[in-house]
Structure formats: structure tokens, C-alpha cells
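Working notes for the structure below.
The values are calculated or read from the model by the stated rules, or taken from the named source; none is laboratory data. Since the model is a prediction, treat every value here as computed from it, not as a measurement. No Cβ is skipped: glycine too gets one built from the backbone with ideal geometry, and neighbour counts run over all protein chains shown. Just so you know, the surface numbers come from the protein's heavy atoms only, side chains and all, with ligands and any DNA or RNA stripped out. Shrake-Rupley method; radii C 1.70, N 1.55, O 1.52, S 1.80 Å.
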Amino acid sequence: MQRVSRIIMMLFISILTVISILVVSENYKLKERVDSVKHTLTLSQIQWDLVQLEGAIANQIETQWMQPSHVSEKVGDVLQDIMVILEVNSGISVLSEQEKDYLNRLYHSLNDYLNDNMVEPLNELSQSEIDKLIQLRKALRDVEWGVGFSNSGHWDSFIEKIIKLLPQI
């Protein structure tokens, strides 16, 4: 009888071990998928739109601000990208509290710039608005978000750039 109990106990322990390994493996796969979402969202959306924003400002400088609404549309695109990743985070918690704080600070800083109200195009800018946008372009280029720079698809690199950008804008 004791021998049967030992065999059952060893079988039970073996089954628990296998189940534990499977759970850990699935948890690791889920973490990899969540990290993939973070990398994809930043590379394909926010970073791309920040580069386009820098390019739009450069274009308006060259054309003496003939279409400032193009810049406001790009600011709006970046703001929308940030809201998307924050919304995704609220559902699946891919961001740390610190990362959420950086993204919220970036959102609020950029929200102080022109943004597209989607009703009336912005046709004229004051000199102070132009100066502010020129400073934004310089800050974006300082952290290597702009036309001619290559961007990493790594989340850590993205966060490092935000940390460097925030004091400048």
C-alpha cells in the first residue's frame, strides 16, 4: 500500500512540475508578445510621426510657413499616437508607471503646440508660435528624431529619447 501511495505521490509531483513548466512558458510567450506590441507601436507610429513632424516644420521653414496647418496636423498625429498607446496600456498594462509618466508629459508638452482641430485649418502663425516650432524642431533633431536619422525599434531607446526631449520642449 505504501508503495502505491509513493508512486501516486511521485506521479502527482511530476504532473505538477510539467504544469508549472507550461505555465511559465506561456507567461514568457505572453511577455514577449506584449513587448512586441510596445516595440511595434513606438517604431511604426509615434517615432515615425515625430520624424514627420520635424520634416513638416523644416518644410514650412523653407516655404516661409505657407501651410502651417500641415504642422498642426502632424502635432495632432503624434498626440493621437500617444493616446493610442496609453489606451492600449490601460487594457493590457504594457507600460511601467514611469513610462506612462514620460508619455503623459510628452503628450501635455506637445499639446501646448499647435494641434489640428479638424474643423478650421490653421493659416497663420504669430512669430512666437513660429519660434516655438523652430525650437521644437531643434529639440527633435537633438534627440535624433528627424529626417535623415535612423530610429531604433527598441522601447528603451525610445524612452531615452523622450527623457532627453522633455526638458527642451
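Ordering of 72-80, 99-107 by packing is 72-80, 99-107, highest average first (other Cβ atoms within 10 Å, averaged per residue).
Taken about its Cα centre, the chain carries a charge dipole of about 1160 debye when Lys and Arg each add +1 at the Cβ and Asp and Glu each add -1 at the Cβ. Calculated mean residue ellipticity at 222 nm for the chain: -25000 deg cm²/dmol, from DSSP H runs with n ≥ 4 weighted as -39500 (n - 2.57), summed, divided by the residue count and rounded to 500. The long axis of helix 127-142 is offset from the longest Cα principal axis of the chain by roughly 40 degrees. Put a plus charge on the Cβ of each Lys and Arg, a minus charge on the Cβ of each Asp and Glu, and nothing anywhere else: the dipole of the range 46-133 about its Cα centre is then about 120 debye.
Computed from the C-beta positions of residue 156 and residue 8, the FRET efficiency with R₀ = 35 Å rounds to 0.10.
Of the residues 23, 140, 93, the one whose Cα sits farthest towards the positive end of the charge dipole of the chain is 23 (charges of +1 on Lys and Arg Cβ, -1 on Asp and Glu Cβ, taken about the Cα centre).
Overall, the accessible surface of the chain at a probe of 1.4 angstrom is composed of carbon and sulfur to the extent of 56 percent.
Over 18 Å apart at the Cα level, from the set 100/138; 100/164; 74/164; 138/161; 29/161, are 100/138; 74/164; 29/161.
Structure remark: mean-square fluctuation, Gaussian network model of the chain, C-alpha springs under 10 Å; the largest value among 60, 127, 52 belongs to 127. Cβ-Cβ distance of residue 24 and residue 141, R₀ of 35 Å, FRET efficiency by 1/(1 + (r/R0)^6): the value works out to about 0.20. Taking amide H atoms as placed 1.01 Å from N in the peptide plane, the amide H of residue 122 lies under 5 Å from those of 69, each 5 or more residues away in sequence or on another chain. The residues of the chain expose on average 63 square angstrom of accessible surface per residue, using a 1.4 Å probe on protein heavy atoms.
Any chance you could give the angle, 0 to 90 degrees and rounded to 10, that helix 47-62 forms with the longest Cα principal axis of the chain? Compared with the principal axis, the helix lies near 10 degrees. Once the Cα atoms of helix 68-92 and of the chain are each reduced to a long axis, what angle between those two axes, in degrees from 0 to 90 to the nearest 10, is obtained? Here the helix axis deviates by roughly 10 degrees. Matching the structure-derived Cα extents along the principal axes in Å against the labelled list (i) 92, 32, 22; (ii) 76, 36, 33; (iii) 46, 39, 29 gives the label (i).
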